[in-house]
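Take a look at the structure below.
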Amino acid sequence: MGDMFATTRWSMVAAAQDPTAPHAREALAELCRLYWYPVYAYVRRRGHDHHAAQDLTQAFFARLLERHDLAAADRTRGRFRSYLLTACQHFLANEHDRETAKKRGGGRARVPLDLAGADGRYSREPADEETPERVFDRQWALGLLDRALGGLREEYTGSGRAKLFDALKDCLPGGAAVPYADLAGRLGMTEGAVKVAVHRLRQRYRDRLREVIADTVATPEEVDDEIRDLFAALG
């Protein structure tokens, strides 16, 4: 488990903070890609419309860099999720209105956020009265699951098992139940072999999810707590 913490989102934060560091631009782009939507969804649930939320999300990430706020993201203090949400809360508390955000954002370096589909994505959020914090946590959780699934897909594709992955992926948590007999017929395998393949896929998925979560917490001991929080956020 120790090797898992050698290269983490925390090291990515450090690289993004220091523009002279190797691969700083790539680190910044990756951080923004991973975490912009939970921030955007949080801002929307705080009552801002699409355009204001775009401006505020862009300005928030720009401020993290301009004011060296990422330097305060000390991995020894806990989870990056908690740091990012607290930083966003403080940022919004200091923003008086959309015009202020736009003026302040106008003089900032742009950060690589792909906000084009944000409004459509947010429109699929549940229409209940969830708190902004719960929306943030749910989107954070969904992002972790997506990254774990994406890594697993790459692993299977790289070893020539893309067809097997596509057939079995619905057997992972959250997927539609598919009878093993149907899968066996589709894959030309025995039902027993399918059961073994599904067991291995689920184990690798659990491993991948732990690796992804390990990137965002300070110590290996926090991984299990974060997994519990993740599934609690998904309700």
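The loop-placed trypsin sites (Lys or Arg not before Pro) in the range 160-235, going by DSSP, that have at most 16 neighbouring Cβ atoms within 10 Å of their Cβ come out as Arg161.
Of the GluC sites (Glu not before Pro) found in the range 191-235, the ones in coil according to DSSP and having at most 16 other Cβ atoms within 10 Å of their Cβ are Glu221.
Placing a pseudo-label 7 Å from each Cα along the Cα-to-Cβ vector at Arg124 and Thr157 gives an inter-label distance of 1.9 nm.
Read-outs: derived from the displayed coordinates by stated rules, not from any lab. These figures come from a predicted structure and were not determined experimentally. Heads up, the Cβs are rebuilt from the backbone with ideal geometry, glycines too, and the neighbour counts pull from every protein chain shown.
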